[in-house]
Amino acid sequence: MRTGSYLAGQWFHPSSTRTVRNLNPADPSDVIAEFPAASAADAVRAIEAAKAAVRGWRETPAPERGRVLWRAADIARRRAEEIAQTMTREEGKIIREARGEVTRGIAVLEYYAGAGFRIAGRTLPAEARDTFTYTIRRPLGVVGLITPWNFPWAIPVWKSAPALVAGNAVVLKPAELTPATAVILAEIYEEAGVPAGVFNLVVGSGGEVGSAIVDHPDVRAVSFTGSNAVGMALYARAAQRGAKVTCEMGGKNAVIVLPDANLEKAAAAIASGAFGSTGQRCTATSRVVAHPDIRGPLVEQLDALAAALKMGAGLDETTDLGPAVSADQLQTDLRYIGIATDEGARLVRGGRQHEALPGYFVEPTIFDQVAPGSRIFREEVFGPVLAVSTASSLAAALEIANGVEYGLAASIFTQDIDTALRFVEEAEVGMVHINEATVGGEAQLPFGGSKSTGVGEREMSEEGLHFFTELKTVFVNYGANGKPLSMR
Ligand code: NAP
């Protein structure tokens, strides 16, 4: 396997002696690769390489930049199974989900490839006579991308593709837990014809490499996805030096189920939202607010669905539920299960580590009769743990659903259009679903959250592209006589 860092068009061995051990969480004795960790000095070299390369890339016509992404999409399609298998091996998600993530990333590459033809400003009327006024969108320069481990392919793609097509040079720092998928992305961009220095990959720790990117004066924008603790600190630091920042952070996503809901459909969506990707999705369903009339049967159906899930290594095609990504995440899951039990929630299913499997496996876990104010109902666990509470009206359910610091996604199950639209209006989240799981995102749709989940622009879509540009307003005077400036 290649070494983890790619700088100025070269794969290189970072100078530090610290090694990143990339382990398979389904079987930690399976060492996928060992990378020499990059240092802060390597991050600075990457930023300098990006700075040297950005002018040539910015001057490349945008449709041509888009064609490079189109070629990247073709190469990714050719290497799709390898990307999916690498992702499953290093992150643990089941292979079906990994394949879905690869497909989603390819769609993002295609979407932004086309955007190369559409990076547009506006023409607007001028107050002054004989004056043509319009705006253009220009790239920012060097941008830093810092990504988490839970979508090792899709998130680096959905940040780098708009940054590149907009004409920026990129320094990507992937999570140390999942660098191998990012290595493939760098290889794909290299083969697709991204010029040397325009895309750089630096594999090292957040504290060292991430901080160096956040604090460097030549990095004009930082796009971060990860936890609130890291994101908010990083936001404050980068903003202090005037950099543009977008942070997509945690979630605690609720599903409201009303008495008129299709219960079977609701249960299936909740189970897939809660236990899919081992609950390690920012959009995972972690809370249910059920009407008392249907809570009992709903919990029974959820229990049956959880019981049917087969746990195991994600590379086994028959597996439904993979491991936690790391020993630390496993401990976090078990700690929260302990907290919920101490808080008096009723354990319906699960609650233990699956000792018979070699990796970091936690049973799919359901708690019922959970108090809305309890920690298990308010704090992000990031594991296969679902908490069920009740409310007897839409207003009460909304109050509970909105009563957390996060605001990423929420869903409602009802057959009533008025209720559904009231929910759309009142739910304090960036993404609302009706009669489906809280999960999902598409290339052309804005992705992100409100409240403490997100600051800055939404990702993917046109908004995701706009983040990586700045507007320039242009005044062209074609009159015969000059006018004093005070006329404007
Ligand atoms: P994390 O611990 O915050 O790490 C995210 C990235 O930040 C990693 O690359 C990490 O590097 C880096 N980092 C850590 N400390 C840093 C520092 N001081 N300066 C700069 N960078 C630093 O998050 P995670 O555990 O990887 O991901 C899980 C979290 O991501 C969850 O909260 C989840 O909800 C959130 N998430 C949100 C979205 C969304 O769109 N809202 C999507 C996916 C995930 P190392 O880990 O390599 O040290």
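The values are calculated or read from the model by the stated rules, or taken from the named source; none is laboratory data. On a predicted model such as this, the values are computed, not experimentally measured, just so you know. Cβ coordinates were reconstructed from backbone atoms using ideal geometry, including for glycine residues, and neighbour counts include every protein chain displayed. The area values use the complete protein model at the heavy-atom level, side chains included, leaving out ligands, DNA and RNA. Shrake-Rupley method; radii C 1.70, N 1.55, O 1.52, S 1.80 Å.
Here is how the numbers come out for the structure above:
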quantity	calculated
All lysines inside 29 Å of K93 as judged from Cα atoms, apart from same-chain residues fewer than 8 positions distant	K159, K173, K252, K265, K310, K451
Distance histogram for segment 240-393 (every C-alpha pair counted, 5 angstrom bins, percent rounded to whole numbers)	2, 10, 19, 22, 19, 12, 7, 4, 2, 2, 0
Calculated [θ] (222 nm, deg cm²/dmol) that DSSP helices of n ≥ 4 give over the chain, each run adding -39,500 (n - 2.57)	-12000 deg cm²/dmol
Trypsin sites (Lys or Arg not before Pro) within segment 204-246, DSSP loop, no more than 11 other Cβ atoms inside 10 Å	R241
Loop chymotrypsin sites (Phe, Trp or Tyr not before Pro), segment 400-484 (other Cβ atoms within 10 Å of the site Cβ: 11 or fewer; DSSP)	Y478
5 angstrom amide H check on N24, placed H, neighbours 5+ away	D30, I32
Rg(Cα)/(2.2 N^0.38 Å) for segment 290-372, N = residue count	1.19
Peptide ranges 379-389, 9-19, 165-175 listed from the most packed, as the mean C-beta count within 10 angstrom indicates	165-175, 379-389, 9-19
For the chain, share of DSSP beta bridges that run antiparallel, in % to the nearest 5	45
For segment 4-125, projected area of the alpha-carbon convex hull averaged over all directions, nm²	10.7
5 Å binning of all Cα-Cα separations within segment 55-171, expressed as whole percents from 0 upward	2, 12, 18, 17, 16, 12, 9, 6, 3, 2, 2, 1, 0
Under-5 Å amide H pairs with A169, H placed in peptide plane, nonlocal only	G141, V142, V143
Three principal axis lengths of the chain [C-alpha, angstrom, descending]	79, 56, 39
Solvent exposure ordering (accessible area, 1.4 Å, most first) of D74, D320, D333	D74, D320, D333
Gain upon complete extension [A327, N402; 0.36 nm per residue less C-alpha separation]	23.8 nm
Hydrodynamic radius (Kirkwood) for segment 368-488, which is based on Cα pairs only, to one decimal in Å	17.8
Descending semi-axes in whole angstrom, ellipsoid equivalent of segment 39-106, from the Cα gyration tensor	30, 20, 7
Alpha-carbon Rg/Rh ratio, for segment 159-222, with Rh computed the Kirkwood way	0.95
Debye-sum result for segment 330-401 in log10 I(q)/I(0), which assumes one identical scatterer on each alpha carbon, at q = 0.17 Å⁻¹	-0.61
